[in-house]
Amino acid sequence: MNLAAFARASELAAATELEKTRKFAFYFHKTAGMTQFGMLNVKSWFSTANYHAPNLSRLQKNIEKSRSFVNGTMKGMWKLHAVDLDALQAEYPGLLSTSEEIVSTDTILPLPVYDKSRGFIESLAKQINASYEYNIFDGCAVLMRRLIEVLLILSYEHNGIEAEIHDTNGHYAMLERIIAHAKNQQKLKLSRDCKSLLDEIRPIGNFAAHKIYYNTRRSDLQRITGSYRAAVEELLYKSGIRI
């Protein structure tokens, strides 16, 4: 769980300065092995979480009075009391556990576009957003390509024409052939903008997956985010997932 997710889960924004410090100390104890802290650490924690800087002298006095903290091994350092560590661990047991939760913001695909569609589509959309947010641009490009491929196949299936994109073995053809066919498929009636996006997303995803000396950059994806979002939404309707 990253700090932003922990802040949301622990309702940190509404907490007092002292309670924020208590929960910050627990978070960094568990995730970074920081068993003790000083006021410079506290100042950094508040800044990292984008909270107003605390009144350090007042906060220090409150820490000294609080039963939640004990003296550290050096002057001016504190540790969470063992009772508080146990209590917070019980309150947030999943902080260090292996989780499949995908934490993301609406960087590429806003939630209303994919919310309550299908579970695997929601998961792909969240992975696309998360990978872009954390600068994993090659991964983001491959996932963006994959979601388009999935939505195209679902659109063919919804219209009962999936046999048109099968190969001689009855398997779905490569994306290049599916795109070429979809652009001229009258039942789908893809918009001109959607067709244009299909021509762009395939090579971007292919380069990210297969080109040895290539790395996708933020600018490569920024250039198509608007048209990509529109194409995904259009294909959600073409596939019957949205009505």
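The values are calculated or read from the model by the stated rules, or taken from the named source; none is laboratory data. Computed from a prediction, not measured in an experiment: that's the story for all the values here. Cβ: placed from backbone, ideal geometry, glycine included. Neighbour counts: every protein chain shown.
Please find, among LYS195, LYS126, LYS116, the residue that is part of a loop (DSSP other than H, G, I, E, B) and either more than 14 Å from the chain's Cα centre (by Cα) or surrounded by 15 or more Cβ atoms within 10 Å (Cβ to Cβ) (or both).
LYS116 is the lone residue from the list that is part of a loop (DSSP other than H, G, I, E, B) and either more than 14 Å from the chain's Cα centre (by Cα) or surrounded by 15 or more Cβ atoms within 10 Å (Cβ to Cβ) (or both).
Could you list all residues from the stretch 139-164 that are more than 18 Å from LEU109 (Cβ to Cβ) and either without any contact (Cβ under 8 Å) to a residue 24 or more places away in the chain or in a helix (DSSP H, G or I) (or both)?
ILE153, TYR156, GLU157, HIS158, GLY160, GLU162, ALA163, GLU164
Quick one: SER99 ticks every box in (1) modelled with pLDDT of 90 or more; (2) hydroxyl-bearing (Ser, Thr, Tyr); (3) assigned to a loop (DSSP other than H, G, I, E, B) except a single one, so which number is it?
(1)
Can you tell me which residue in the stretch 148-181 is nearest to the chain's Cα centre (by Cα), limited to those that are buried (at least 21 other Cβ atoms within 10 Å of the Cβ) and over 23 Å from GLN127 (Cβ atoms)?
Result: TYR156.
All but one of (1) touching a Lys or Arg at 6+ places or on another chain (Cβ under 8 Å); (2) buried (at least 21 other Cβ atoms within 10 Å of the Cβ) hold for PHE137; which doesn't?
Every listed condition holds for PHE137 apart from (2).
Of the conditions (1) touching a Gly at 6+ places or on another chain (Cβ under 6 Å); (2) exposed (fewer than 14 other Cβ atoms within 10 Å of the Cβ), SER219 fails just one. Which one is it?
(1)
In the stretch 1-48, which residues are more than 20 Å from PRO93 (Cβ to Cβ) and hydrophobic (A, V, I, L, M, F, W, C)?
Across the stretch 1-48, the qualifying residues are ALA13, ALA14, LEU18, PHE37, MET39, LEU40, VAL42, TRP45, PHE46.
Does the stretch 4-24 hold any residues that are over 14 Å from LYS43 (Cα atoms) and β-branched (Val, Ile, Thr), and which are they?
The one that is over 14 Å from LYS43 (Cα atoms) and β-branched (Val, Ile, Thr): THR16.
Return yes or no: is THR225 under 25 Å from SER117 (Cα atoms), surrounded by fewer than 16 Cβ atoms within 10 Å (Cβ to Cβ), of a type in the set (Val, Ile, Thr) and in the same structural domain as TYR132 (by TED's automatic domain parsing)?
Against the criterion (under 25 Å from SER117 (Cα atoms), surrounded by fewer than 16 Cβ atoms within 10 Å (Cβ to Cβ), of a type in the set (Val, Ile, Thr) and in the same structural domain as TYR132 (by TED's automatic domain parsing)), THR225 qualifies.
Quick one: is CYS140 within 14 Å of LEU221 (Cα to Cα) and either of a type in the set (Gly, Ala, Ser) or within 29 Å of the chain's Cα centre (by Cα) (or both)?
It is true that CYS140 is within 14 Å of LEU221 (Cα to Cα) and either of a type in the set (Gly, Ala, Ser) or within 29 Å of the chain's Cα centre (by Cα) (or both).
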